[in-house]
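Okay, so here's the structure we're looking at.
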Amino acid sequence: MLKRFIAYYKPHKFMFAMDMLASLMISVIGMVYPIVTRRMLNDLIPNKKFRAVVFAGLIVLGLYVLRLLLRYFVQYYGHMVGTAMQAQMRRDMFAHLERLPFSFYDDNETGKIMTRLTSDLFDICELAHHGPENLIISTVMIIGSFIYLCTINIWLTLIIFACVPLLLFVSMRLRRRMRDAFADRRKSNAVINAAIESSISGIRVTKAYTNAEKEMEKFEVGNSQFVDACRRAYRAMAAFHSTSSFITDVFNVIILIAGGIFLYAGKIDFADYSAFIVSVNLFISPITTLINFMEQYQNGVTGFERFIEILDEEPETDSTNAVDIGDVKGHIELKDISYAYTTTEDGEEEKEVIDHLSLDIKQGETFALVGPSGGGKTTICHLIPHFYNVKKGTIQIDGKDIHDVTMESLRRNIGIVQQDIYLFNASIKENILYGRLDATDEEVVEAAKRANIHDYIMTLEDGYNTVIGERGVRLSGGQKQRLSIARVFLKNPPILILDEATSALDNTTEILIQKSLDDLCKGRTTLVVAHRLSTIKNADEIAVIAEGRIVEQGSHEELMAKGGMYSELYKLQFRANTGEDVA
Ligand code: ADP
Ligand code: MG
């Protein structure tokens, strides 16, 4: 893992090296003051060398000015290096997220993913530059001051040095507790963000059901879990800090007493005793810094682990010898396919959702899937563009197994309109352009016209530049669906999948949109899933799907004559529909 972390330093090698050099100089300058003090006490003052005193003072001042500049450099560029690394990690993670399959998003909440992209990565950035800075400064200071203290009085120094292992032992023990506590806190933070994301996205439902109280209760669960996790983390942190400070305080006491005894015994003179007391902090404070660094290290490491966890998720990859599918005519064949969703995180308890199913959809034909909900129709629609991998059997397009073609080329040839439309919070034009990014303005208008939305767009003050709000909240259901149809018109794929495209709409709107859809189907192979059977009466072929299997198949007339499940469903809907459609 460390190796993967270090890789992120590579592009910033130079700046990072300068940062470290500056840190090193800062710590060396830090040693000057006690050295000068000692000289003053031992030599300059007793011998009344006042000119030298002033001179020494000026040198120290000069060095402090230099340190001012160095500190500015380290603070500014150090953080910038960290930020650049963080940006690179975020970029890598986002690119990876774009490549992860549907199944990943079935199992992971948006809010949790966002936490990893933001606050988790922030802590890594802090660690990235403070970590090495602290390590360098402290190590140099510890070694340097140790040597220097030895030159003053070797025995006193060894006494102090002998106490260091105790300090390390205690802090290591406390550190472990802190690590677990911080990992917990991070998880709770992600839970809160996920809860917020879910509640805010569902705010309209909440209002409709006046369930604000309920939402607050749900939120409070995560919120108080976070407080508990923080409590544990801060308790561990408090124990850690207070104990390690206490130990360093004890160091000072030891020096005071041991030094006093040495002085009494005549093993050290008064000036050296004073110098030692001033200098000993040079030795102790970097140890404290190192200990504090451990806390930051914990935070950064747990963040980086969570980052790596996402990067190690298996992305969608084409098989090694996958080729571009080329020009697609549109013959789709499902041969004895089976599929099961992985319902638990460890991949057990699989339930067959598609069960040895075969379909042959000829080029240019309209093929309808109907049947009870939960039967597996949407799953079939998602298997054809390779959003999920079939577990058994093969799917072929124009005789080519979809496993052997690149996903990019496959999906380029398939247009999907679903009941659930996702529109981006951007202008109408940008949303239509999503169908084909390089389309011209004229093509966008043409697509909008064919989707019967152009006239409406023209009534808007900003026309095609109107921003439609998050998920398109400023549009009606029918308008949203028309925009998504315009997208597909622009994409102009040979294969079209309509999954209950109009089911959410009212009857009048459905009839109007159906006209656009009929137009869209022309000249394409169309797989249509419909809830209202009246809309697919004219399909070339209809298959009734239930429990992942085909129950019966044929044209509308054939199926009606058969008197099976289809005719039952049809009669049921027709009866309900006499006069007014209430289905
Ligand atoms: P239909 O579109 O015919 O109503 P679906 O294909 O959506 O049916 O669902 C078929 C079955 O698969 C249902 O039992 C449903 O609960 C299950 N299912 C659908 N999507 C998922 C998913 N992402 N993860 C787990 N199970 C799913
Ligand atoms: Mg469905």
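Summary table
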{"quantity": "Condition check for LYS218: closer than 16 Å to GLY111 by Cα and either open to solvent by 50 Å² or more (accessible area, probe 1.4 Å) or out of contact with any Phe, Trp or Tyr (no Cβ under 8 Å at 6 or more places or on another chain) (or both)", "calculated": "yes"}
{"quantity": "Some residue of region 301-308 being away from ligand 2 (no atom under 16 Å from the Cβ), touching a Lys or Arg at 6+ places or on another chain (Cβ under 7 Å), open to solvent by 30 Å² or more (accessible area, probe 1.4 Å) and over 30 Å from THR157 (Cβ atoms)", "calculated": "no"}
{"quantity": "Members of region 228-281 found to be touching a residue at least 40 places away in the same chain (Cβ under 8 Å), more than 42 Å from the chain's Cα centre (by Cα) and surrounded by 18 or more Cβ atoms within 10 Å (Cβ to Cβ), listed by number", "calculated": "PHE251, ILE255, GLY259, PHE262, ILE268, ALA271, ASP272, ALA275, PHE276, SER279, VAL280"}
{"quantity": "ASP318 within 30 Å of GLN573 (Cα to Cα) and either in a helix (DSSP H, G or I) or open to solvent by 10 Å² or more (accessible area, probe 1.4 Å) (or both)", "calculated": "no"}
{"quantity": "Residues of region 81-99 classified as closer than 26 Å to ASP318 by Cβ and either within 16 Å of ligand 2 (Cβ to nearest atom) or open to solvent by less than 10 Å² (accessible area, probe 1.4 Å) (or both), total", "calculated": "2"}
{"quantity": "Filter result (acidic (Asp, Glu), within 15 Å of ligand 1 (Cβ to nearest atom) and not in a loop (DSSP other than H, G, I, E, B)) within region 348-362", "calculated": "GLU352, ASP355"}
{"quantity": "Set THR466, THR508: member being in contact with a helix residue (DSSP H, G or I) (Cβ under 7 Å, 6 or more places away or on another chain) and either hydroxyl-bearing (Ser, Thr, Tyr) or over 21 Å from ALA448 (Cα atoms) (or both)", "calculated": "THR466"}
{"quantity": "When residues of region 363-392 are limited to those that are open to solvent by 20 Å² or more (accessible area, probe 1.4 Å) and basic (Lys, Arg), the one nearest to ligand 1 (Cβ to nearest atom)", "calculated": "LYS391"}
{"quantity": "In region 471-507, the residues that are within 16 Å of ligand 1 (Cβ to nearest atom) and not polar (S, T, N, Q)", "calculated": "ILE497, LEU498, ASP499, GLU500, ALA501, ALA504"}
{"quantity": "Residue in region 170-178 that is part of a helix (DSSP H, G or I), small (Gly, Ala, Ser), under 14 Å from the mean Cα position of the chain (by Cα) and at pLDDT below 85 present", "calculated": "no"}
{"quantity": "Region 413-434 - residue that is part of a helix (DSSP H, G or I) and either open to solvent by 30 Å² or more (accessible area, probe 1.4 Å) or not polar (S, T, N, Q) (or both) and, of those, farthest from ligand 2 (Cβ to nearest atom)", "calculated": "LYS429"}
{"quantity": "Boolean, SER409 is farther than 23 Å from ILE325 by Cβ and surrounded by 15 or more Cβ atoms within 10 Å (Cβ to Cβ)", "calculated": "no"}
{"quantity": "Region 297-315, residues that are among the charged types (D, E, K, R) and in a helix (DSSP H, G or I)", "calculated": "GLU305, ARG306, GLU309"}
{"quantity": "Output for region 435-465, where each listed residue is open to solvent by less than 30 Å² (accessible area, probe 1.4 Å), assigned to a loop (DSSP other than H, G, I, E, B) and of a type in the set (Val, Ile, Thr)", "calculated": "ILE453"}
{"quantity": "Residues being more than 16 Å from ligand 1 (Cβ to nearest atom) and part of a loop (DSSP other than H, G, I, E, B) - total across region 508-533", "calculated": "3"}
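Yes or no, residue by residue, for (1) within 16 Å of ligand 2 (Cβ to nearest atom); (2) in contact with a helix residue (DSSP H, G or I) (Cβ under 9 Å, 6 or more places away or on another chain); (3) open to solvent by 80 Å² or more (accessible area, probe 1.4 Å):
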{"position": "SER516", "(1), (2), (3)": "no, yes, no"}
{"position": "ASP519", "(1), (2), (3)": "no, yes, no"}
{"position": "ALA530", "(1), (2), (3)": "yes, yes, no"}
{"position": "ASN538", "(1), (2), (3)": "no, yes, yes"}
{"position": "GLU552", "(1), (2), (3)": "no, yes, no"}
{"position": "ALA561", "(1), (2), (3)": "no, yes, yes"}
{"position": "SER567", "(1), (2), (3)": "no, yes, no"}
{"position": "TYR570", "(1), (2), (3)": "no, yes, no"}
{"position": "GLN573", "(1), (2), (3)": "no, yes, no"}
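The values are calculated or read from the model by the stated rules, or taken from the named source; none is laboratory data. Please read all numbers here as calculations on a predicted model, not as lab measurements. Heads up, the Cβs are rebuilt from the backbone with ideal geometry, glycines too, and the neighbour counts pull from every protein chain shown. Keep in mind that these areas ignore ligands, DNA and RNA; they rest on the heavy atoms of the full protein, side chains included. Shrake-Rupley method; radii C 1.70, N 1.55, O 1.52, S 1.80 Å.
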